[in-house]
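Peer 1: Let me give you the structure first, and then I'll get to my questions.
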Amino acid sequence: MFLLGKYCRTERAAGNIRHKFARTSRQQKHHRRKGVVLQALSSNGGQAGIFGDLDPDDTNELTTALNNAIAAEDYSLASKLRDRLRQLSGSDAAPPADWHSLGIPAWLADRAEQIGYRFPTEVQRRAAKVIGRGADAIIQSATGSGKTLAFVIPLLAALKYPPDAYPEDFQGPQLVIVVPTRELGVQTVMLIYQLFGGSVNAGIPGDPTNMFAYTGPRGVRVKGVLDKEEVVRAKNNGWLFASHVVVGTPQCLAELATPPNAFPLTACLRALAVDEVDAYPKDERESLDFVLAQACKQREQLPKPQVVLVGATLPSEDILDRYQQQGWMTDAVTLRVGRLGQVPAGLQHRYMLVDDARKLIVMCRQLRLDLAEQGEDAAPARVMVFVESEEAARAAAMPLRSGLWGDHKVSVLLPHGEEPIQALHAFRDNKATFLLATPSAARGLDLPAVSHVYNLDPPEDSVQYLHRAGRAGRIGSPVKGIVTTLVTKEQVPRLVDIAKELNLKFTEQPQPPADTLTDVEEGNIETAKRNLDDLYNLL
């Protein structure tokens, strides 16, 4: 019924024993989620206590807590969160809007709730109203605030089911989504696949995300065109046959629409969205311009498609004005939620002064210290580490695998690696708890419950810091997150500039101690051995 190509794996239920363990797992998940909500909201009583560990003015954080409280069936806590959200919205009469009240079709609203998005965030509520009336839109909202769903759900809601040509004579997609990286493209494909009823779990009976609970249109497809192989398959082997939605990078989409064997990418197009719109370098922006021009050229039967641009930060006004002058956008509505350059609330920002040669060893020791300080009942640490280049990532991968053996299973995300998607899936599915990545991976990826982000060097500017830090503290995350940047004395001024631009407070974290001789003298042989292993593996 559904096709996701090589991005999805077929899974089967495995009998009564598996169902028993699955049921136990769901019960444990329920209690863990309830524990997270209780930890966040428990208190000394009264409103001050209820919101003691939450920002009482952050609608995104409160919406996350509300979703978790309802999932944990703690309706007393949910009602208090609901009342606070009412106050922030300026209405004491109406509850926080759900997807149904925003005019989203029942099948799609129900599906969003089934896969865990019960209440839309502020940017999702506001974007649904703008996109729902067919207007071109420019949407800017903080990283981690739910921007992808903010444009995906209302654009899917506006499309025709079934399409005019459906499915045998389908000439091209109704919706095209442009993404800057293959990794973000896969994530977007997976999200839409789930919204279309696809299941990415084990198919456990009773699971609300199970495909059998889906009531929407059947047979609709989402496909990605994210590398050269898929472009060739689309042009020659029918890879995109009857695809309702296509997700691709600018270069792949431009090549797809170029002779020979050009694919009719815009023949049936009704909407085009550009995610992370400020993330495209010059060569990719030329391809993006080509795709926009092809999409918006005059057609006999269909009007210009709706165009939506989305980002935590936006390109220059000159670029946006040119889009209007070229006729690619008409009377676009600009929607800004939160202040420009806002880092997710609740994150802790710290830095450590370290010589270049010692950064890996100091980071590993600090990670172990973080694990020790969490306690037994805390959720497992999930760590993303950013290095400056693919070469640096390859150089650090083996030492980190050796140094963190027993504490973390390391996965490496390289933009040109053989299996970058496998690395993402391993981290997403908790088969790996440590993801080593290059800066390109900071854009848009929504990976669950990232508790620690490490920068082995300070980012080049505040925009890069914002996107890296934004991998933690995202909507739905049960942990707020700690962002740690390792700097030399020479790099401190760059971090100071970033702190000023983003209005952040950084605290200095002292290096964790490691005195092997003292450990031996005091009988801590295992600790001494580990410190010696660190010296061997990480220096």
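Peer 1: With a 10 Å Cβ neighbour count serving as the proxy for reagent exposure, in which order, fewest first, do 147, 129 appear?
Peer 2: Lowest to highest Cβ neighbour count: 129, 147.
Peer 1: Let me ask something else. Taking a threshold of 31 Å on the Cα-Cα distance, which of the pairs 223/282; 80/500; 129/282; 282/304; 282/489 fall above it?
Peer 2: Pairs exceeding the cut-off: 80/500; 129/282; 282/489.
Peer 1: Count the net charge of all other residues whose Cβ sits under 11 Å from the Cβ of residue 497, scoring Lys and Arg as +1 and Asp and Glu as -1.
Peer 2: Taking every Cβ under 11 Å from that of residue 497, the sum is -1.
Peer 1: For residue 511 and residue 101, FRET efficiency with R0 = 35 Å and r from the beta-carbon atoms, rounded to 0.05?
Peer 2: 0.10
Every number in this text was worked out from the coordinates using simple rules, so none of it is lab data. Because the structure is a prediction, the values reported are computed rather than measured. A quick note on method: Cβ atoms are made from the backbone with ideal geometry, for glycine too, and the neighbour counts reach across all protein chains shown.
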